[in-house]
Amino acid sequence: MTQISRRTSLRATAALTALSLSAPWRSWAQAPGAADAPASAASAGSAGARPDPRHSGPDGALLANRLKFQGVALASMRIRDGATTFSAATVQGALPDEQTLFELGSITKTFTALLLADAVTRGLIQLDDPVEAVLPDRLRLRDSEDQPIRWVDLATHRSGLPRLPANLDLQATPKNPYASYDWPQMAAFLGSWKPSKPRNTAFEYSNLGVGLLGQSLGFLQKKDYATLLRERILEPLGLTNDMFLAPPAGRRFLDGHDRDGRPVEHWTFRPAIAPAGALLGTTRGLARFAQAAMGQFDHPLKDAFKLCLRKHGERDQPGSGIGLAWVGAPLPGRIAFNHDGATFGFSTTLWLDPTHGRAAAVLSNAAIGVADLGLHLLEPMIPPSDLSLTEQPSITLPPESLKPLVGHYVLSPAMTLEVRIQEGRLFARATGQQPFELFAKGPREFFAKVTPLEIRFDPSPADDAPAPALTIKQGGRNTRGTRKP
């Protein structure tokens with residue numbers, strides 16, 4: 001295979017990954033409704049108004065180039081050829097180092113999955129066992145066909161549980177959505193939940209499901225999640241100085257920012273949801289966690305990691321299976337593994353390539369996409385997103401020319417793109433995600449400023465007739481969406 005054809009293949013792989021992982025497509029940790037206000041037109045992508053980034057480390061220039069367009073501070077780690085390197089960049093304050101704390105968001109799920117795998121390898125349970133066997137008060141956990149939901153269903157997001165419980169009160173703490181939700185509320189939801197599908201028939205990302213997974217492992221072992229995490233993972237892997245459920249005194253913990261660079265509150269978690277996204281961590285800690293996952297030093301969790309990094313189910317994207325929490329990402333001749341995290345003020349990505357003994361992570365203290373940077377650090381032949389595309393000149397279209405574009409477009413069985421007009425401007429919103437504004441470059445051609453993404457609407461039979469379909473162009477891959485009737 002020539003270098004040109006190999007690079008084309010890698011671009012396709014990157015595009016497939018970006019479609020499901022990069023902002024605005026992935027906001028898995030964020031609560032629907034908590035960020036319904038559309039992004040401002042003057043986003044953090046305004047390169048001309050930003051200070052010159054400062055950077056350090058071998059990949060600092062890559063991080064600094066991203067900060068020319070968006071973000072506040074970035075830190076990364078990379079493992080290659082047996083060496084671990086750390087890099088950083090910032091446009092505000094001191095440079096992060098490998099001990100600076102970030103909110104890790106949903107990367108926490110890989111630690112919770114490891115707790116499950118640890119319980120399995122110790123013979124406490126099997127993946128196919130029913131979870132309800134350990135729940136208190138005879139609480140039942142069944143699917144639409146009255147079959148018990150299993151541990152593996154929770155760990156692969158194939159339980160049928162929704163992403164968030166209906167009784168999560170988003171109005172009480174809209175800036176810190178999980179701050180007051182704990183087991184009594186979770187048990188009340190599960191007691192009244194009416195499942196709509198059989199287990200293991202569809203992938204539906206569920207913070208609720210992984211929170212329940214961690215809570216149930218605590219019931220099983222008669223210990224709370226924090227104790228299990230410390231005793232079974234952090235202490236055996238030497239991570240007690242790098243991973244925390246609450247910030248320790250005296251450690252540098254960065255402030256978070258939204259995608260426009262505005263400060264936001266830190267998130268806090270009660271124990272029931274903590275297993276889905278509560279961890280704070282460092283690039284040094286993620287490097288050691290990645291080394292442990294790939295068996296690069298001796299520790300007691302090697303078999304548990306092997307169980308995590310084995311395919312246990314399918315995802316909603318073709319060629320992208322799921323292990324225990326870890327998402328499979330096909331690369332030429334091998335499978336890499338990924339998990340991202342997102343809170344209102346932080347974005348994270350962690351990548352593993354066990355075949356080549358490589359790993360990479362990128363941490364941001366702003367709600368911007370970083371998955372493409374992590375993938376590039378893992379496999380340099382895959383280019384990062386070109387954010388200069390978000391800086392294209394735009395034109396203003398009259399509202400009447402936007403009306404034929406409004407509608408719902410089906411991208412896949414699990415994802416629909418809603419296009420709507422608000423205050424004379426066009427916005428798009430993918431299923432379960434935040435809205436983002438579309439800027440016109442022509443009557444039927446639009447682009448986003450929050451991520452390199454372009455949308456072309458098909459011609460209508462008549463000028464005022466609805467557009468029959470659209471094409472999303474992202475990372476060199478075209479995705480078609482047909483209008484719902």
### Portion, in percent, of the accessible area of segment 129-207 that falls on carbon or sulfur, probe 1.4 Å
47 percent
### Task
Would you kindly state how much longer the chain becomes between residue 306 and residue 464 on full extension, computed as 0.36 nm times their sequence separation minus their alpha carbon distance, in nm to one decimal?
51.2 nm
### Phi-based couplings in Hz for segment 472-481 (Karplus 6.51, -1.76, 1.60; Gly and Pro marked x)
9, 10, 8, x, x, 10, 9, 10, 8, x
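Taking 0.36 nm per residue of sequence separation and subtracting the Cα-Cα distance, how much length would be gained by fully extending the chain between residue 137 and residue 355, in nm to one decimal?
73.9 nm
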### Candidate lysines for bridging to residue 302, where Cα separation is under 19 Å - those fewer than 8 sequence places away on the same chain excluded
109, 311
## Note on the structure
If each part is reduced to its alpha-carbon centroid, segment 287-305 and segment 380-415 end up apart, in Å, by 41 Å
#### Entry: Additional length obtainable on full extension of the chain from residue 97 to residue 251, 0.36 nm per residue less Cα span
54.3 nm
### Task
Specify the longest stretch of the chain that does not include any exposed loop site, a site being one of the GluC sites (Glu not before Pro) with a non-H, G, I, E, B DSSP assignment and at most 11 other Cβ atoms within 10 Å.
146-422
### Query
In square angstrom, rounded to the nearest 10, how much accessible surface does residue 431 have for a 1.4 Å probe?
70 Å²
## Note on the structure
Carbon plus sulfur, as percent of the 1.4 Å-probe accessible area of segment 365-418, comes to 61 percent
### Summary
In whole angstrom, the spacing between the Cα centers of segment 332-355 and segment 80-102 equals 17 Å
#### Entry: Point-charge dipole on Cβ atoms (K/R +1, D/E -1) for the chain, about Cα centre, debye to 20
620 debye
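Quick one: accessible area per residue over the chain, 1.4 Å probe, rounded to a whole number of Å²?
Each residue of the chain exposes 40 Å² on average to a 1.4 Å probe.
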#### Entry: Cβ-based net charge around residue 335, under 15 Å, with every Lys or Arg adding one and every Asp or Glu removing one
+3
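The values are calculated or read from the model by the stated rules, or taken from the named source; none is laboratory data. It should be emphasised that the depicted structure is a prediction, and the values quoted were computed from it without experimental measurement. Don't worry about glycine lacking a Cβ; one is built from the backbone with ideal geometry, like all the others, and counts go over all protein chains shown. Note: areas computed on protein heavy atoms with side chains; ligands, DNA, RNA excluded. Shrake-Rupley method; radii C 1.70, N 1.55, O 1.52, S 1.80 Å.
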